[in-house]
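Heads up, the thing below is written out as structure tokens.
What follows draws every value from the coordinates through simple rules; no lab data is involved. Please read all numbers here as calculations on a predicted model, not as lab measurements. Here the Cβ is made from the backbone with ideal geometry for all residues, glycine too, and neighbour counts use every protein chain on show.
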Amino acid sequence: MPAVKREKSSDDSDIDPKILSTPKKAKSKSTQSSPEGKRMWTEEEDARFIAAIDKLVKSHLWNEVKDDPILGQRGNPGIRAHWIAMCKKLGNK
């Protein structure tokens, strides 16, 4: 919430300035952290992650797209083939 600007009056001299300012949000600490702390993703982890997402998308893509009035006309094989082509184009495969 943005702070509201007020004109200073003679009565403001006895008011603590902390009361007039907007409180800052405290950073929340994550309750879950990896045992090693933050670290870079390895190539193997990236490959496994991409493969998992690809498998998930291929298995559920048609269920998400079939009710779309335009994309539903393409059919399951066309949608899946286009997904594979897009992944290859982006360098994911």
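Could you check how many residues of region 48-77 are of a type in the set (G, A, S) and surrounded by 12 or more Cβ atoms within 10 Å (Cβ to Cβ)? Residues flagged as of a type in the set (G, A, S) and surrounded by 12 or more Cβ atoms within 10 Å (Cβ to Cβ) within region 48-77 amount to 3.
Residues in region 46-65 that are among the charged types (D, E, K, R) and more than 21 Å from P77 (Cβ to Cβ): D46, R48.
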